[in-house]
Amino acid sequence: MGRGMRKPVVAANWKMNGSLGLCEHFVANLARPDYADVWIFPTALHLGALAESFRDSDISVGVQNVWCEVEGAFTGEISASMVAAAGGQLALVGHSERRSLFGDSDAVVARKFKKITEAGLIPVLCVGETLEERESGLAFEAVQRQLNAVEEAWDNPAYSHVAIAYEPVWAIGTGEAATPDIAQAMQALIRNHVDQNSSGDSQAVRILYGGSVKGVGAAELIAQEDIDGFLVGGASLDVNEFNQICEAVKS
Ligand code: PGA
């Protein structure tokens, strides 16, 4: 069985990078493939400008993080509903940098996830094991724990309007992407988990791979049955490289 109904996704996670100049450069030079969904996650400061520029296009924009309340005394934070009002359509949640640097526990990720769905945004739930977890044979246990935490807080797990990004921590920003076999093996386990824990959404949910994705190597990864696209960090800041990745998912 192939990817079938699942349209590939190429997503750009700019992290704490970018400027209005980079936004304009992307608006002018980004490929606009009709065979893939293109999602851009700039900083929250740049979301409004990009959302406005891409308003009448098929390109969607989102944020890299939200807080898990709607409004209130949470200095420095923004809510999912504010993102929706500003023209955002998506939100990353559970990125490993949030988990490791900013203390987003499984429980906090679950609360944020819930608020993202309630605001009508598409969550991109990031999961992935550390090198230690992989080396001790606990990679899938770690990913499953992250998925379970979200499902426990989610009244009716319906993955068809959700994307999952499998991002092994050891591959993020290292220049060493997971091999197609390693990524495929985990992503098949994730799809199987969704099959067991939701109502028939496992063939609809898009499971992206993230971690040192570049133009070179992207075609081998996307050829895998359970890799439905990419969440791209470093390489997403270079529009030509990003366009190459878009080209690679054309099949
Ligand atoms: P990278 O980052 O492509 O720079 O490895 C991916 C990510 O963190 O989403």
Taking the condition of being open to solvent by less than 10 Å² (accessible area, probe 1.4 Å) and either in a loop (DSSP other than H, G, I, E, B) or among the small types (Gly, Ala, Ser) (or both), how many residues in region 180-196 meet it? 1
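From Ser212, Ser199, grab the single residue that is away from the ligand (no atom under 13 Å from the Cβ), more than 13 Å from the chain's Cα centre (by Cα) and in a loop (DSSP other than H, G, I, E, B).
Ser199
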Which condition breaks for Gly88 when tested against (1) without any contact (Cβ under 8 Å) to a residue 12 or more places away in the chain; (2) buried (at least 23 other Cβ atoms within 10 Å of the Cβ)? (1)
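Filter region 216-248 for residues that are open to solvent by 60 Å² or more (accessible area, probe 1.4 Å) and assigned to a helix (DSSP H, G or I) and give the result.
Pass one, region 216-248, residues open to solvent by 60 Å² or more (accessible area, probe 1.4 Å): 216, 220, 223, 225, 234, 238, 240, 244, 247.
Glu220, Gly234, Asn240, Gln244, Glu247, listed by residue number.
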As an exercise: evaluate Ser160 against (1) modelled with pLDDT under 95; (2) in contact with a helix residue (DSSP H, G or I) (Cβ under 9 Å, 6 or more places away or on another chain); (3) more than 20 Å from Cys68 (Cβ to Cβ) and give the number of the one condition it does not meet. (2)
Can you tell me which residue is farthest from Leu92 (Cα to Cα) among those in region 1-29 that are open to solvent by 10 Å² or more (accessible area, probe 1.4 Å) and among the aliphatic types (A, V, I, L, M)? Met1
In region 116-133, what residues are open to solvent by less than 50 Å² (accessible area, probe 1.4 Å) and not polar (S, T, N, Q)? Ile116, Ala119, Leu121, Pro123, Val124, Leu125, Cys126, Val127, Gly128, Glu129, Glu133
Determine, yes or no, whether Ala177 is within 19 Å of Pro8 (Cα to Cα), within 12 Å of the ligand (Cβ to nearest atom), over 14 Å from the mean Cα position of the chain (by Cα) and surrounded by fewer than 22 Cβ atoms within 10 Å (Cβ to Cβ). no
Going by the conditions given, is Val10 in contact (Cβ under 8 Å) with a residue 40 or more places away in the chain, within 19 Å of the chain's Cα centre (by Cα) and not in a helix (DSSP H, G or I)? yes
Of everything in region 182-196 that's more than 16 Å from the ligand (Cβ to nearest atom), in contact (Cβ under 8 Å) with a residue 12 or more places away in the chain and not aliphatic (A, V, I, L, M), which residue is farthest from Val162 (Cα to Cα)? Gln184
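I'd like to check something: does region 92-104 contain any residue that is over 16 Å from Gln64 (Cα atoms), open to solvent by less than 60 Å² (accessible area, probe 1.4 Å) and either without any contact (Cβ under 8 Å) to a residue 60 or more places away in the chain or not hydrophobic (A, V, I, L, M, F, W, C) (or both)?
No.
Of everything in region 147-161, what is open to solvent by 10 Å² or more (accessible area, probe 1.4 Å) and either of a type in the set (A, V, I, L, M) or in contact with a Leu (Cβ under 8 Å, 6 or more places away or on another chain) (or both)? Give them in sequence order.
At the first step, the residues of region 147-161 found to be open to solvent by 10 Å² or more (accessible area, probe 1.4 Å) are 148-149, 151-158, 160-161.
Selection gives Ala149, Ala153, Ala158.
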Could you list, in sequence order, all residues of region 105-115 that are in a helix (DSSP H, G or I) and either more than 25 Å from Ala171 (Cα to Cα) or open to solvent by 10 Å² or more (accessible area, probe 1.4 Å) (or both)? Asp106, Ala107, Val108, Arg111, Lys114, Lys115
In region 18-57, what count of residues is obtained for those that are within 17 Å of the chain's Cα centre (by Cα) and not in a strand (DSSP E or B)? 5
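The values are calculated or read from the model by the stated rules, or taken from the named source; none is laboratory data. Worth saying up front: this structure is predicted, and the values here are computed from it rather than measured. So basically every Cβ, Gly included, is an ideal-geometry build from the backbone, and we count neighbours across all protein chains shown. When the accessible area is computed, the model is the full protein with side chains, heavy atoms only, and any ligands, DNA or RNA have been set aside. Shrake-Rupley method; radii C 1.70, N 1.55, O 1.52, S 1.80 Å.
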